[in-house]
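Written out below as structure tokens is the structure these notes cover.
The values are calculated or read from the model by the stated rules, or taken from the named source; none is laboratory data. The structure displayed is predicted, hence computed values, not measured ones. Cβ sites come from the backbone with ideal geometry, for glycine too, and all protein chains shown count toward neighbours. Just the protein is used for accessible areas: all its heavy atoms, side chains included, with ligands, DNA and RNA removed. Shrake-Rupley method; radii C 1.70, N 1.55, O 1.52, S 1.80 Å.
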Amino acid sequence: MRLAGDDWKKFFDSFEREAFRLETRPVYNVAKEWDEFQRFLATGEFDVSDHEPWLKRVRHFRDTGRWIGRVHVITSPLTDYLRFEFAAYPHNVRAGEEVHILDLADRPNPGLPDQDFWMFDESKIVRMDYAEDGTQLGRELLEDVDPAPYVEWKRIALEHAEPFLDYSSRLEA
């Protein structure tokens, strides 16, 4: 089943215990981020309000006892888009999202797929589909899929990744 718009938001917000994201792309071409991304490229600055909808949602998830986190698999050096995303991640972390980075520049992939997904409550899997340029093609709820490989990929990703703030402090050193 394809998920978009309000259906996606309603489905996403309905998780009970945890939401986990595996990100694998070096670039996400998101139209609503275009102006902010261009400003970041021009100035190196990223300014976001604590009232930004995603941050409010993350705080709500945490306030209601739910965990939300992600592992972004990268290969340094960072693309311009990853530098932009890394400027946003501290805000996500302050809101309560656990963001981890797995840099494969100096080590092999520990067995993770080259496919973005969200996993909810270790039982519902939503595959995130992207074009080569990072434009999102859609989201598909994978029905009748065994969640066991996704649960294992989550375990592997979290085991091999490091918290974003630790990773970013090493970049700044």
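Summary table below
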| item | result |
| --- | --- |
| Unmet requirement for residue 102, which otherwise passes all of (1) free of Cβ contacts under 8 Å to residues at least 40 places away in the same chain; (2) touching a helix residue (DSSP H, G or I) at 6+ places or on another chain (Cβ under 6 Å) | (1) |
| Residues of the stretch 1-10 satisfying the condition of being in contact (Cβ under 8 Å) with a residue 24 or more places away in the chain and open to solvent by 40 Å² or more (accessible area, probe 1.4 Å) | 1, 2, 4 |
| Qualifying residue in the stretch 161-169 (condition: farther than 28 Å from residue 32 by Cα, touching a residue at least 40 places away in the same chain (Cβ under 8 Å) and surrounded by 14 or more Cβ atoms within 10 Å (Cβ to Cβ)) | yes |
| Flag if residue 90 is out of contact with any Asp or Glu (no Cβ under 9 Å at 6 or more places or on another chain) and surrounded by 14 or more Cβ atoms within 10 Å (Cβ to Cβ) | yes |
| Residue selected from the stretch 12-55 under the condition more than 20 Å from residue 84 (Cα to Cα) and part of a loop (DSSP other than H, G, I, E, B), by the criterion least open to solvent (accessible area, probe 1.4 Å) | 15 |
| The lone exception for residue 138 - which of (1) out of contact with any Phe, Trp or Tyr (no Cβ under 7 Å at 6 or more places or on another chain); (2) open to solvent by 50 Å² or more (accessible area, probe 1.4 Å); (3) in contact (Cβ under 8 Å) with a residue 60 or more places away in the chain; (4) under 19 Å from residue 29 (Cβ atoms) it fails | (2) |
| Single condition residue 3 does not satisfy, out of (1) closer than 26 Å to residue 142 by Cβ; (2) more than 18 Å from the chain's Cα centre (by Cα) | (2) |
| Those helices (runs of 4 or more DSSP H) lying entirely in the stretch 56-173 with at least 2 residues closer than 18 Å to residue 12 by Cβ and modelled with pLDDT of 95 or more | 80-95, 148-160 |
